[in-house]
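See below for the structure under consideration.
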Amino acid sequence: MALTTAPGRTGRTGSARPHANRRRVGRDRHAEGLAGYVFLSPWLIGLMGVTAIPMLLSLWLSFTNYDILTPLSEVEWVGLANYERMFTADPSYWHAVRVTLTFALVAVPLKLAAALGVALLLNKAWRGVGLFRALFYLPSLLGGSVALAIVWVNMFNRDGAFNSFLALFGIEGLPWVSDPDWALQTLMVLAIWQFGAPMVIFLAGLKQVPTELYEAASVDGASRWSQFWHVTLPMLSPVIFFNLVLETINGFQGFTAAFVLSNGTGGPVDSTLMYTLKLYIAGFTDLEMGYASAMAWVFLIAIGLITAIFFSTGRFWVHYSDGEK
């Protein structure tokens, strides 16, 4: 009898163990998931409190006449009036668009060209190359700092260091930052000078180009220019694409230097009225936060469309080492 019941007991115990194991595994997974959310909570709180909720609030404000001083409970809904004003009744808005497009179309390609040129020069194993890499990268660490913009403005004033340098060669300088014909170009030079970040990315890309390709090209009689055009550029095309997208977005977002140079007005004669500066003036100088919110959303959509165009056209010229485009 004991021999017949023992297997039954053993069977019941064996059948209970998988259920216990599954419950224990479930509890462990729940504890791990809870711990994960606890560690993610600072990021989630920041996402909701600093990004998501303010974005949704600004979208709602773009359809109102909010002026900062009025309580949100008393804000008047105006529908598409802010957008209609932006596109049809505000000439300075379209002027800011033209200034920003001019800045981005000129400064970004020249900045990437300078970054790539210096990266090619520094992609050599000669003495002191590490020091030069650090020195060329240093301006990018300063970024869009106010201190750097102030130094730049003072350097290009009528009595600044640049005009003093020109005087050594008998060349009469100009009031670069106060001349409407040259103020924006001064900002472009500042942006181009800060090519350190894309330069480092280009250097990393150059290190990944197989030397066998250059050796094969040399055997075939290819010149240095031919090697650059047919080997270096195709192999660097993913890095060029990455830098192009980032620097274009940064170019459209330029603000600090234009604000410091013009004392927050976009002068002289609106020659440095960048889009973001126009947005700042609308929201914090004219206290038209509803109108500024509408400008911000148009700006976001425009940058999204430009980025989408880059990605849709990149398949025609971006080449990856595995043969994919």
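The values are calculated or read from the model by the stated rules, or taken from the named source; none is laboratory data. In this text, all values refer to a predicted model and were calculated from it rather than measured experimentally. So basically every Cβ, Gly included, is an ideal-geometry build from the backbone, and we count neighbours across all protein chains shown. The area values use the complete protein model at the heavy-atom level, side chains included, leaving out ligands, DNA and RNA. Shrake-Rupley method; radii C 1.70, N 1.55, O 1.52, S 1.80 Å.
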_Within the stretch 143-173, considering residues that are assigned to a loop (DSSP other than H, G, I, E, B) and open to solvent by less than 30 Å² (accessible area, probe 1.4 Å), the one farthest from Gly254 (Cα to Cα)_ = Gly173
*Do we find that Leu112 is in a helix (DSSP H, G or I), under 23 Å from the mean Cα position of the chain (by Cα), exposed (fewer than 13 other Cβ atoms within 10 Å of the Cβ) and modelled with pLDDT of 90 or more in this structure?*
no
*asked:* Take residues that are in contact (Cβ under 8 Å) with a residue 40 or more places away in the chain and open to solvent by less than 20 Å² (accessible area, probe 1.4 Å) and tell me which of the helices (runs of 4 or more DSSP H) falling wholly in the stretch 224-268 contain 1 or more.
replied: 233-252, 256-262
*Could you look through the stretch 129-147, keep only residues that are in contact (Cβ under 8 Å) with a residue 12 or more places away in the chain and of a type in the set (A, V, I, L, M, F, W, C), and pick out the one that is farthest from Gly173 (Cα to Cα)?*
Leu141
*Out of curiosity, is Leu120 modelled with pLDDT of 95 or more and in a helix (DSSP H, G or I)?*
no
*What are the residues in the stretch 64-80 that are assigned to a loop (DSSP other than H, G, I, E, B) and open to solvent by 80 Å² or more (accessible area, probe 1.4 Å), if any?*
Leu69, Glu76, Leu80
_Any pair with Cβ under 8 angstrom, 6 or more apart, that starts in the stretch 276-301 at a residue that is under 13 Å from Leu80 (Cα atoms) and ends at one that is surrounded by 19 or more Cβ atoms within 10 Å (Cβ to Cβ) and among the basic types (Lys, Arg)_ = Met295/Lys278
*asked:* I'd like the residue in the stretch 283-318 that is farther than 18 Å from Thr88 by Cα and not in a helix (DSSP H, G or I) and, out of all such residues, is least open to solvent (accessible area, probe 1.4 Å).
replied: Val318
